[in-house]
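Participant: Let me give you the structure first, and then I'll get to my questions.
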Amino acid sequence: MWTMPRIRLLLAGHCSTCVKLRSAASYASVHGATKLQEKKLRKLLYPIKDLEKYLSHDVDRTNYRLFDPSLEQIMKAEEVFRPSGKHVIDYYTSAVRLDHTPALMQPEVCFIGRSNVGKSSLIKALFSLVPEIEVRVSKNPGHTKKLNFFNVGKAFTLVDMPGYGYHAPADFAEMVEGYLLHRQNLKRIFLLLDGSIGIQKADLIAVEMCEEFGKPYVLVMTKIDRAPVGVLLTRLLETQEFIAKKTHGCYPQPFLVSSVQFAGVHLLRCFIAHVTGTRTS
């Protein structure tokens, strides 16, 4: 039951939840995050490394540190996601069929995942340094029905794809498979998994599609703030084993992210800049 003092705190913007959300938002920029203590900063920037302390000594850590940029490189990559002068970051267009997609020459990356995996929330977090950009986030699964294109200056284009699974649009296969198979400037597919649930049957179909088309892809584990450490560690180990034994075109290192706390978001920005050929050194 809401008491009057608690309501007053909420209206005043001092509710603990509100404070936490505002505090997390201040970490959307690496520069804001550097005010944290070293241990907390490391956990924010490299969440997968924070889990390493729970691993037994005989676990191979090579692929957990395959992409291991410095703080300076992460800061440099962040500038790509910050608009300035002629470097304009904005929504470009949407398409429902391959022949409706824009003829862009710059590199592209696309984000795909099961409905309600947090795809739009992650994209919104990646673009959090562009407050005027609109990335629609809905509590209702299957909200994204089209291929949504976002231009990041002349550096690259990010494509938000419809979610698959129960709430997928009726023409999902035609729309998505056509894009993935024929888009020549597509540099990387980011396939999202729920970090507290792990790989589901629908995800296996998506992986098979990426493997069949021969497109390079990455597994990104979302919502890590919702999973207890033990559960998250189990899902990470399962995902790592799956990548090693069941895939050929998947990047060996999975990425962990929280769109709420911005954990792993800065590292993912840096990786996107890396795979699209954007200079970060």
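Participant: Only one of these is open to solvent by 20 Å² or more (accessible area, probe 1.4 Å), modelled with pLDDT of 85 or more and under 25 Å from ALA25 (Cβ atoms): ALA155, ALA125. Name it.
Facilitator: ALA155
Participant: If you go through segment 48-84, how many residues are modelled with pLDDT under 90 and small (Gly, Ala, Ser)?
Facilitator: Of the residues in segment 48-84, 1 are modelled with pLDDT under 90 and small (Gly, Ala, Ser).
Participant: OK, next. Taking only segment 181-204 into account, find how many residues are at pLDDT 90 or above and outside any loop (DSSP other than H, G, I, E, B).
Facilitator: 13
Participant: Could you tell me which numbered condition VAL220 fails, if it satisfies all but one of (1) in a strand (DSSP E or B); (2) open to solvent by 20 Å² or more (accessible area, probe 1.4 Å)?
Facilitator: (2)
Participant: Right, another one. Tell me, which residue of segment 26-61 that is open to solvent by 60 Å² or more (accessible area, probe 1.4 Å) and touching a residue at least 60 places away in the same chain (Cβ under 8 Å) is nearest to THR222 (Cα to Cα)?
Facilitator: That would be LYS43.
Participant: So how many residues does segment 73-84 have that are open to solvent by 80 Å² or more (accessible area, probe 1.4 Å) and in a loop (DSSP other than H, G, I, E, B)? Give the derivation first.
Facilitator: The initial filter retains those residues of segment 73-84 that are open to solvent by 80 Å² or more (accessible area, probe 1.4 Å), namely 76, 79.
The next check asks that each one be in a loop (DSSP other than H, G, I, E, B); those that pass are none.
Residues flagged as open to solvent by 80 Å² or more (accessible area, probe 1.4 Å) and in a loop (DSSP other than H, G, I, E, B) within segment 73-84 amount to 0.
Participant: Only one of these conditions is not met by PHE213: (1) under 18 Å from the mean Cα position of the chain (by Cα); (2) closer than 25 Å to PRO107 by Cβ; (3) surrounded by fewer than 17 Cβ atoms within 10 Å (Cβ to Cβ). Which number is it?
Facilitator: (1)
Participant: Also, quick follow-up: From the list ARG226, ARG188, ARG235, exactly one residue is basic (Lys, Arg) and farther than 23 Å from LYS124 by Cα. Which is it?
Facilitator: ARG235
Participant: Continuing with the same structure: Going residue by residue through segment 171-179, is there one that turns out to be modelled with pLDDT of 95 or more and under 12 Å from ILE112 (Cβ atoms)?
Facilitator: Checked against the condition, which is being modelled with pLDDT of 95 or more and under 12 Å from ILE112 (Cβ atoms), segment 171-179 yields no hits at all.
The values are calculated or read from the model by the stated rules, or taken from the named source; none is laboratory data. Only a predicted model underlies this, so the values are computations on that prediction, with no experimental measurement involved. For neighbour counting, all protein chains shown are included, and Cβ atoms are generated from backbone atoms with ideal geometry for every residue, glycine included. For the accessible areas, the whole protein counts, side chains as well, though only heavy atoms, and no ligand, DNA or RNA atoms are used. Shrake-Rupley method; radii C 1.70, N 1.55, O 1.52, S 1.80 Å.
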